[in-house]
Amino acid sequence: MGELLNHSGSGALNMTLMDDDKFGSLEDIDVTADGTPILRIIISVVYSIVCAVGLIGNLLVFFLMRLKQGRKKSSINFFIINLAMTDFQFVLTLPFWAVDTALDFSWPFGDAMCKIILSVTVMNMYASVFFLTAMSVTRYWSVASALKNRSRQRSCSVKWVCAVLWVSATIATAPTTIFSSVTVVAGEKLCLIRFPEGHDWLALYHLQKIIIAFVIPMLIVSVCYLMLLRFIRLRSMNNNHPKRRSRVTKSVTIVVLSFFLCWMPNHAITFWGVLVALEKWVLPG
């Protein structure tokens, strides 16, 4: 949410900053208000409500998963706990974005908090997608695998998988951490990502997000659930359970479509920004 607000704005700003023929400095850019004060206050209130609900909801998830893990260890439950952790971290950033929005995107918390909040927001996006993808692979493996009585080994390995996913999300977030800063534009302090000169930096940043956080996970999720659907269908045909096959088909369709519809608009807008950046890079002027 904060990533969408700030990165879309920062992306456009960076493309403008890198056109030296139009602007000699940041102060030459005219930054207009984004919406009326009432609209900004409404958005800030919504952020605050989502933060409160998210904190309560994720704490409840932690409690319930703790109880389930105590009775029966499950790889899926462990991924759910980590997924709830990413959401919990994200909702903790919402009060900062609420204040930022209420102040017409004037960042009052300093450069260090700008890096931290932007980095946590972006890392949440990568980590949540990674864990959702891992859950898809695990769900197929748990159903289709013929191995039994290896819950202890799986419980141990899933911790390493989660560690690798957290490290991968952190590495993917590195460009945001490096280039995010508080920049004064037209007298206003904005928390945004400012790249060095050259449109290729901006394009590569967005292409990384599209490929790593959408294209590859979408392919993996689709393949896993299609394989799971094929496996269940074969078993259902042998056991003559058409109703079960129908329920599984609907569930798989809902999961894959939900993943696609939730992430596609954001990445479609991002890809459009990449095309604009590349067009200005290849055809300057």
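No lab work stands behind these numbers, since they all come straight from the coordinates. What you see is a predicted model, and the numbers here were worked out from it, not measured in a lab. A quick note on method: Cβ atoms are made from the backbone with ideal geometry, for glycine too, and the neighbour counts reach across all protein chains shown.
Worth a mention:
- Among CYS191, CYS51, sorting on how many other beta-carbon atoms sit within 10 Å of each Cβ, with the fewest leading, yields CYS51, CYS191.
- The stretch 40-147, dipole about Cα centre (Lys/Arg Cβ +1, Asp/Glu Cβ -1), debye to the nearest 20: 700 debye
- Ranking of ILE220, ILE254 by neighbouring Cβ atoms within 10 Å, starting from the fewest: ILE254, ILE220.
- Rg(Cα) / (2.2 N^0.38 Å) computed for the stretch 163-203, rounded to two decimals: 1.48
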